[in-house]
1. Could you pull the accessible area for D131 with a 1.4 Å probe, rounded to 10 Å²?
2. How big, on average over all directions, is the shadow cast by the Cα convex hull of the stretch 73-138, in nm²?
3. Rounded, prolate or oblate: which fits the stretch 112-194 when a ≥ b ≥ c are the square roots of the eigenvalues of the alpha-carbon gyration tensor, with rounded for a/c under 1.5 and prolate only if a/b beats b/c?
4. Quick one: which of 166-174, 115-123 comes out on top by average Cβ neighbours within 10 Å, and what's the full order, highest first?
5. Say each of I183 and D144 gets a label point 7 Å from the Cα, pointing the same way as Cα to Cβ; how far apart are those two points in nm?
6. Over the stretch 88-194, what is the relative contact order in whole percent, taking alpha-carbon pairs under 8 Å and six or more residues apart?
7. At a 10 angstrom cut-off on C-beta neighbours, averaged per residue, how do the peptides 137-146, 153-162, 94-103 rank from highest to lowest?
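The values are calculated or read from the model by the stated rules, or taken from the named source; none is laboratory data. If you're wondering where the values come from, they're calculated on a predicted model, not measured in any experiment. A quick note on method: Cβ atoms are made from the backbone with ideal geometry, for glycine too, and the neighbour counts reach across all protein chains shown. Just the protein is used for accessible areas: all its heavy atoms, side chains included, with ligands, DNA and RNA removed. Shrake-Rupley method; radii C 1.70, N 1.55, O 1.52, S 1.80 Å.
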Amino acid sequence: MCIRDSLHGYENVHSKNKLEKRSSAIIASVICLIAAPALMASENWELAAEKFHKVANSGMGGSAALNNYGLALLQKAIQVFESGDGVQKALVEGQFEAAIFALRQAAQIEGQRSEILYNLAIALHRAAWYDKALVVFDALLERDGPNAAVLNAKAVLLESKGDFESAKQLLNKAIYESPDDEIIRSNLKRLVPI
């Protein structure tokens, strides 16, 4: 009887410690969830990626945390790529791949969310994996119908590949969907000089 009581007491202490650790992890994840969007808004991509990574690792944020983690990694990679810093540019390919990996994980969890697939396609495009990006853009357009942002992004990709005529056609469709979008107008103007 004493042995059983001792074991029962050990189990209670052990369960209490596990519960305290889990509660601490939940509190840390909630703090990260509160801080990370503000970090993204201020374009502090590195710190935002860290916070969303913590949330994703905790298992709390699901596909949304992975999407935001991938998006923060993608923005950080784009920022480094466009900064012109040669030393940092050497690392950018790995950053794009990390973003793609996180976004693929998010898509596996919740592939019906268009914004996850859109972010994945953008990451694939920026990593110069054009054919894979086209597959994702085409799937989005087939599933969701014409969408100005997706049409514009696919047009930019086609321009990157040198298919200017197809890019112009898509931008004209995008203008039809969103006539006041200045980014689309600017992209079309670049392809069709006045």
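1. The value for D131 is about 100 Å².
2. On the way: hull surface 16.4 nm².
If I average the Cα hull's projected area over directions, I get 4.1 nm².
3. Working: a/c = 2.03, a/b = 1.31, b/c = 1.54.
Judged from the Cα gyration tensor, the stretch 112-194 comes out oblate (a/c at least 1.5, b/c at or above a/b).
4. Values: 166-174: 20.2, 115-123: 23.0.
Those peptides, ordered most packed to least, come out 115-123, 166-174.
5. Between I183 and D144, the simple spin-label model gives 1.2 nm.
6. On the way: 97 pairs, mean separation 18.2, N = 107.
Averaging sequence separation for qualifying contacts and normalising by length gives 17 percent for the stretch 88-194.
7. Ranking, from highest mean packing down: 94-103, 153-162, 137-146.
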